[in-house]
Amino acid sequence: MGLSVSVSELKKSYGESVVLDGCAYRFESGSVYAVMGQNGSGKSTLFRLCTFLEQPDSGRVDFLEGGTVLENNLALRRRITLLLPAVGVFNTTVYENIAYGLKLRKVSRHEVEEKVLNAAEMVGLKDKLRRRAVTLSSGETQRMGLARALVISPSVLFLDEPTAAVDANNSKAIEDIIQGIRHTLKAAIILSTHDAGFARRVSDKVLTLMDGRLTEQLTDTPNNPDI
Amino acid sequence: MDLIFDGVRKACLLIYTLDAELMGIVLLSLKVSLSALLIGSALGVPVGALISLKKRFPLRHLTLNILNTAMGLPPVVVGLFLYLMLSRRGPLGFMGLLYTAPAMIIAQSVLAFPIVASLSYAAINGVPPIIRQAALSLGAAPFQAAMAIVKEARYGIISGVMAAFGRLSAEVGAVLIVGGNIAGRTRVITSAIVLETDKGDFSEAIALGIVLLGISLSVNIALYFFSKRGRATGYLWV
């Protein structure tokens with residue numbers, strides 16, 4: 001069964017600066033959401049609060065499965081993942097980077113190998129598995145980060161500006177990967193971007209984060225059943 | 001100059017023939033310094049990691065200042081302090097450790113600990129916060145995320161351990177005071193060089209000096225290797 005994310009009355013400030021102010025929304029399982037907003041509008045903060053990397057000043061982030069709110073514990077956190085804009089590359093091989101989450105989950109060696117190979121193939125890095133990850137280009141790094149997140153088959157996947165620092169070819173490749181996984185992964189995929197075209201093409205719903213609140217845009221996304 | 005050339009010639013012969021006395025001194029030196037390094041690192045790395053990773057470490061700045069000051073501890077002062085502790089009238093005199101290799105290991109461990117702890121702290125502290133966030137977001141428990149950070153700092157930590165070894169292998173004051181420079185029991189390279197120079201036996205002193213330089217060179221090559229590996233990540237302290 002899929003996980004949905006309910007954000008209610010979320011508030012977060014850094015000093016005098018109010019970033020989120022009563023932010024509320026429910027992200028359903030199996031849908032792709034694109035969150036847009038200006039720099040500093042709070043997209044990354046929202047993602048970091050949703051993945052428990054930071055605590056809100058007030059409000060709640062709940063993960064629901066079949067109407068039941070799940071307890072915030074390691075088992076839940078292992079069903080959620082966030083691809084950070086700068087990825088956070090471990091200074092080891094591409095293989096070890098992608099395998100990291102699986103090893104944390106004590107997946108058997110054989111299964112790790114199989115899943116890492118599949119994930120690397122999906123993002124076009126199969127021939128670079130033995131390379132040191134710190135030597136990858138920024139586009140390859142993003143794709144490796146995506147593979148690292150996808151290999152653990154998350155129930156909720158947050159992608160914080162996955163195409164921000166990459167060239168057109170890599171951006172297209174990342175878009176194709178997201179299009180490819182939207183049906184196979186059956187997860188709630190929530191991404192942030194400044195690219196309106198990209199947001200429309202990959203998502204079911206486009207949201208705008210402005211003045212600390214999320215609002216839904218009625219746009220002609222090809223995947224939006226409401227239109 | 002003849003004295004030096006003759007000394008070097010005899011020294012090379014001693015090294016080439018693996019002179020038993022010379023080898024005994026070299027092996028004891030390595031045993032003492034490596035044992036001390038092991039103890040200093042076993043304590044120093046976790047302490048450095050704890051200071052860096054524990055959010056609310058009590059008296060963090062004071063602890064760091066003490067460690068940084070202790071990095072420059074004069075070996076003779078450490079030797080004197082331990083001598084007083086281990087001497088027959090001292091509080092630990094009952095252990096009968098004075099003028100033994102274990103006493104020298106303790107002295108060098110005291111010297112190694114702050115170097116390893118302080119440099120481990122610097123290496124771990126230099127790891128970008130995103131590494132912890134990436135580990136957590138991939139499902140790491142807090143301890144596993146801490147281990148990921150320590151792993152990222154490994155080249156810096158190893159460089160710190162090597163730097164400590166460099167200091168231990170060249171150290172003479174502390175081992176001379178607590179070891180006593182007893183032939184076959186507590187005579188190490190540095191204390192033997194002092195003795196042989198006093199005696200005017202320059203060939204043995206030069207031979208030991210060459211071995212010591214060889215050890216230093218090896219440590220420096222290893223340091224260069226690790227700093228090069230670490231620099232690839234962009235957050236090594238050396």
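Does A:T163 satisfy the criteria of being in contact with a strand residue (DSSP E or B) (Cβ under 8 Å, 6 or more places away or on another chain), in contact (Cβ under 8 Å) with a residue 12 or more places away in the chain and of a type outside the set (A, V, I, L, M, F, W, C)?
For A:T163, the condition - in contact with a strand residue (DSSP E or B) (Cβ under 8 Å, 6 or more places away or on another chain), in contact (Cβ under 8 Å) with a residue 12 or more places away in the chain and of a type outside the set (A, V, I, L, M, F, W, C) - is not met.
Can you say whether B:L28 is buried (at least 16 other Cβ atoms within 10 Å of the Cβ), over 11 Å from the mean Cα position of the chain (by Cα), hydrophobic (A, V, I, L, M, F, W, C) and under 19 Å from B:G173 (Cβ atoms), as far as the supplied structure shows?
Judged against the criteria, B:L28 is a match.
For a quick check of your reading of the model, give me the residue pairs whose first member lies in the range B:196-225 and is of a type outside the set (A, V, I, L, M), whose second is not in a helix (DSSP H, G or I), with beta-carbon atoms closer than 9 Å and at least 6 apart or on different chains.
B:E204/B:D19; B:S216/B:A170
Are any of the residues in the range B:190-198 within 12 Å of another protein chain (Cβ to nearest Cβ) and open to solvent by less than 20 Å² (accessible area, probe 1.4 Å)?
The answer is no; no qualifying residue exists.
Restricting the search to the range B:151-176, which residues are within 12 Å of chain A (Cβ to nearest Cβ) and touching a Pro at 6+ places or on another chain (Cβ under 9 Å)?
Of everything in the range B:151-176, just one residue is within 12 Å of chain A (Cβ to nearest Cβ) and touching a Pro at 6+ places or on another chain (Cβ under 9 Å), namely B:E152.
What pairs come out if I take residues in the range A:176-197 that are in a strand (DSSP E or B) and pair them with residues that are open to solvent by 50 Å² or more (accessible area, probe 1.4 Å) whose C-beta lies under 7 Å away, six or more apart or interchain?
Qualifying pairs under 7 Å: A:A188/A:E28.
Picking from A:A164, A:A188, which residue would you name as being open to solvent by 50 Å² or more (accessible area, probe 1.4 Å), more than 14 Å from chain B (Cβ to nearest Cβ) and small (G, A, S)?
Result of the check over A:A164, A:A188: A:A164.
Residue by residue through the range A:134-146, note down the ones that are outside any loop (DSSP other than H, G, I, E, B), farther than 17 Å from A:D176 by Cβ and open to solvent by less than 30 Å² (accessible area, probe 1.4 Å).
A:T141 - this is the single residue of the range A:134-146 that is outside any loop (DSSP other than H, G, I, E, B), farther than 17 Å from A:D176 by Cβ and open to solvent by less than 30 Å² (accessible area, probe 1.4 Å).
With among the aromatic types (F, W, Y), under 27 Å from A:A165 (Cα atoms) and without any contact (Cβ under 8 Å) to a residue 40 or more places away in the chain as the only criterion, which of A:Y33, A:Y95 stands out?
Result of the check over A:Y33, A:Y95: A:Y95.
Name the single residue that is nearest to B:L119 (Cα to Cα) among those in the range B:48-86 being in contact with a Phe, Trp or Tyr (Cβ under 8 Å, 6 or more places away or on another chain) and open to solvent by less than 90 Å² (accessible area, probe 1.4 Å).
Filtering first and then ranking leaves B:G48.
Keeping to the range B:1-29, report how many residues are free of Cβ contacts under 8 Å to residues at least 12 places away in the same chain and under 21 Å from B:A164 (Cβ atoms).
1
For the condition of a type in the set (G, A, S), open to solvent by 30 Å² or more (accessible area, probe 1.4 Å), assigned to a helix (DSSP H, G or I) and touching a strand residue (DSSP E or B) at 6+ places or on another chain (Cβ under 9 Å), what is the one hit in A:S44, A:S29?
A:S44
Name every residue in the range A:200-218 that is β-branched (V, I, T), assigned to a strand (DSSP E or B) and touching a residue at least 12 places away in the same chain (Cβ under 8 Å), in order of residue number.
A:V206, A:T208
For the structure I just gave you, tell me whether B:I15 is at pLDDT 95 or above, β-branched (V, I, T) and assigned to a helix (DSSP H, G or I).
So B:I15 fails the test.
Pick out, from the range A:51-133, the helices (runs of 4 or more DSSP H) lying fully within it that include 2 or more residues that are open to solvent by 10 Å² or more (accessible area, probe 1.4 Å) and either aromatic (F, W, Y) or more than 13 Å from chain B (Cβ to nearest Cβ) (or both).
Of the helices (runs of 4 or more DSSP H) lying wholly inside the range A:51-133, those with at least 2 residues that are open to solvent by 10 Å² or more (accessible area, probe 1.4 Å) and either aromatic (F, W, Y) or more than 13 Å from chain B (Cβ to nearest Cβ) (or both) span A:94-104, A:109-122.
Hey, among the residues in the range B:128-147 that are within 7 Å of chain A (Cβ to nearest Cβ) and within 30 Å of the chain's Cα centre (by Cα), which one's surrounded by the most Cβ atoms within 10 Å (Cβ to Cβ)?
Out of the qualifying residues, it is B:I131.
The values are calculated or read from the model by the stated rules, or taken from the named source; none is laboratory data. Remember, predicted model here, so these are calculated numbers, not experimental data. No Cβ is skipped: glycine too gets one built from the backbone with ideal geometry, and neighbour counts run over all protein chains shown. Heavy atoms of the whole protein, side chains included, go into the accessibility calculation; ligands, DNA and RNA do not. Shrake-Rupley method; radii C 1.70, N 1.55, O 1.52, S 1.80 Å.
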